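> Let me give you the structure first, and then I'll get to my questions.
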Amino acid sequence: MNKILTSLLSLGVAASAALAANSAITAVKVANVEDAAVWSNAKFSDVTLYPQTAIEMNDKKANELTENAKAKKAQVAAVYDGKNMALMVKWADGSKDLQSGYASTTYSDGFAVQFAGATAKPQPLPYIGMGSVDRPVVVHLQKANEKVYEPNGNKDVGNQINRQQTGVFGQELAEFDAKVASLAVTDYERIFVGEGFRSLTEVKDGSVKSNSSMVYGTNGWSGILTRPLKDAYVNLSGTVPVSIAVWDGSKMGRNGLKNLSSWIAINLDGQKPNAAMVSDLTTDSKGDATKGKAALEANGCNGCHQMNAADPKSFMAPSLKNVGGYSTAAYLRESILKPSAVVVPGYNRNAHSNTPWYNLEKGKRISTMTDYSHLDKATVEDIVAYLKTLKAEVE
Ligand code: HEC
């Protein structure tokens with residue numbers, strides 16, 4: 001818990017100014033981002049977070065709870081000073097779910113802020129959520145937790161020992177409990193870097209000095225993340241692309257089971273914005289979505305992909321039912337023209353051995369999706385415009 005949020009609660013919540021879904025957000029320059037007063041007149045913008053539904057989880061109950069999941073609105077404000085940038089994210093959540101104890105069926109609410117890592121060329125942006133090859137991301141994750149029973153001493157709460165199964169009792173069990181209490185995880189804050197699916201790696205060497213926290217109030221959660229403008233992974237200036245994710249513990253949200261925004265442009269006030277990036281992230285596709293739907297069907301895309309919640313589920317390819325919500329037009333265009341540029345790895349091959357989503361060629365993952373680079377430019381744009389319409393309604 002950081003002090004900012006505690007004192008913020010006494011300041012009251014600043015009014016939220018709704019902007020058009022895709023507008024760039026301005027980060028206000030302040031003397032010190034750690035001064036709680038900076039948030040009292042910060043301007044909040046609405047950001048929509050879509051259910052990440054590319055792949056179903058191997059968990060019947062979680063799938064039932066998230067069947068036809070709706071999009072969520074969050075309010076985001078940003079500030080920066082000479083050294084650090086801070087974001088505040090607020091979102092409604094009807095129940096306060098904390099990770100606690102050693103029950104592996106308890107899931108917590110949480111949020112994450114993702115930054116595009118420093119690359120030689122800032123564009124194209126990394127794949128949303130996990131980065132992509134040569135396009136790293138840094139993900140800051142904060143989960144809501146009570147003291148988490150952590151018997152290993154390495155802060156890894158993913159692999160907990162059930163005290164009932166320690167095989168000890170009496171004085172020995174009391175000693176075990178005392179040891180665990182001293183090792184308990186009290187703040188579940190994590191930082192990851194990733195360059196593609198299943199490559200997210202926790203940064204534990206202290207090379208990123210961030211501070212995040214979350215507080216539950218009458219309107220749901222407020223979270224703050226503060227991180228340096230510059231470190232080994234990022235160099236934030238001009239326009240900063242970020243993406244926000246939130247988890248709902250009551251819906252068994254965990255790992256990929258979350259709501260995620262597309263990349264959002266945050267302009268550091270007083271600095272020269274990256275006009276090309278802002279335009280990419282705020283301009284709608286120029287294609288014709290109606291023609292795009294017809295072209296998509298004529299090209300058999302829906303033979304492999306589920307397009308809408310009403311369509312039958314398909315294990316052949318990722319569901320595209322929310323792809324328009326969390327993907328940029330640039331990513332969708334690339335997916336059609338160069339399917340192997342970013343490969344969504346798919347289901348466990350033992351369970352779905354007839355439908356691998358990629359094959360290995362000389363160690364490289366090659367998508368099983370046909371390459372559609374023979375389509376003319378206008379048709380591709382029409383399909384992109386249609387894909388951008390595929391997203392759940394806001395709850
Ligand atoms: C033969 C089956 C097949 C067909 C036909 C097909 N795809 Fe795919 N598609 C896949 C597979 C498998 C993946 C996952 C591997 C990858 O990332 O390329 C994928 C990935 C995608 C993605 C990325 C999804 C994500 O969650 O990031 C998009 C977008 C996409 N396809 C759009 C299309 C469009 C548009 C068409 C038609 C022009 C099409 N696909 C035709 C199999 C197919």
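> Give the residue that is farthest from the ligand (Cβ to nearest atom), with candidates limited to residues of segment 267-301 that are under 30 Å from V79 (Cβ atoms) and of a type in the set (A, V, I, L, M).
Looking at the filtered set, the residue picked out is L268.
> Sticking with this one: Would you check which residues across segment 64-79 are open to solvent by 10 Å² or more (accessible area, probe 1.4 Å) and not polar (S, T, N, Q) and list them?
E64, L65, E67, A69, K70, K72, K73
> Applying the selection to segment 269-296, what residues are in a loop (DSSP other than H, G, I, E, B) and polar (S, T, N, Q)?
Of everything in segment 269-296, those that are in a loop (DSSP other than H, G, I, E, B) and polar (S, T, N, Q) turn out to be Q271, N274, T283, S285.
> Related question: In segment 301-340, which helices (runs of 4 or more DSSP H) lie fully inside it and hold 1 or more residues that are open to solvent by 30 Å² or more (accessible area, probe 1.4 Å) and either of a type in the set (A, V, I, L, M) or touching a Leu at 6+ places or on another chain (Cβ under 9 Å) (or both)?
Ranges flagged: 301-304, 329-337.
> Okay, moving on. Surrounded by 21 or more Cβ atoms within 10 Å (Cβ to Cβ), among the basic types (K, R), within 16 Å of the ligand (Cβ to nearest atom) and in the same structural domain as K29 (by TED's automatic domain parsing): is that true of K258 in this structure?
Yes; evaluated as a whole, the condition is true for this residue.
> Has segment 346-354 got any residue that is at negative phi, surrounded by 15 or more Cβ atoms within 10 Å (Cβ to Cβ) and under 25 Å from the mean Cα position of the chain (by Cα)?
Among the residues of segment 346-354, at least one is at negative phi, surrounded by 15 or more Cβ atoms within 10 Å (Cβ to Cβ) and under 25 Å from the mean Cα position of the chain (by Cα), which makes the answer yes.
> On to the next question. Among the residues of segment 189-227, which ones are open to solvent by 40 Å² or more (accessible area, probe 1.4 Å), within 21 Å of K147 (Cβ to Cβ) and in contact (Cβ under 8 Å) with a residue 12 or more places away in the chain?
Selection gives E189, E202, N211, Y216.
> Condition first: within 10 Å of the ligand (Cβ to nearest atom) and open to solvent by 70 Å² or more (accessible area, probe 1.4 Å). Now tell me which residues in segment 370-390 satisfy that.
Correct list: T370, D371.
> To continue, here is another question. Could you list, in sequence order, the residues of segment 357-367 that are free of Cβ contacts under 8 Å to residues at least 40 places away in the same chain and in contact with a Ser or Thr (Cβ under 8 Å, 6 or more places away or on another chain)?
Y358, N359, K364, R365, I366, S367
> Can you give me the number of residues within segment 83-123 that are at pLDDT 80 or above and within 30 Å of P151 (Cα to Cα)?
13
> Return the residues of segment 266-280 that are at pLDDT below 95 and open to solvent by less than 20 Å² (accessible area, probe 1.4 Å); say none if nothing qualifies.
Across segment 266-280, the qualifying residue is only M277.
> What number of residues in segment 330-353 are more than 9 Å from the ligand (Cβ to nearest atom) and of a type in the set (A, V, I, L, M, F, W, C)?
The qualifying residues number 3.
The values are calculated or read from the model by the stated rules, or taken from the named source; none is laboratory data. Please read all numbers here as calculations on a predicted model, not as lab measurements. We place every Cβ from the backbone using ideal geometry, glycine too, and count neighbours over all the protein chains shown. SASA here: full protein model, heavy atoms, side chains in, ligands and nucleic acids out. Shrake-Rupley method; radii C 1.70, N 1.55, O 1.52, S 1.80 Å.
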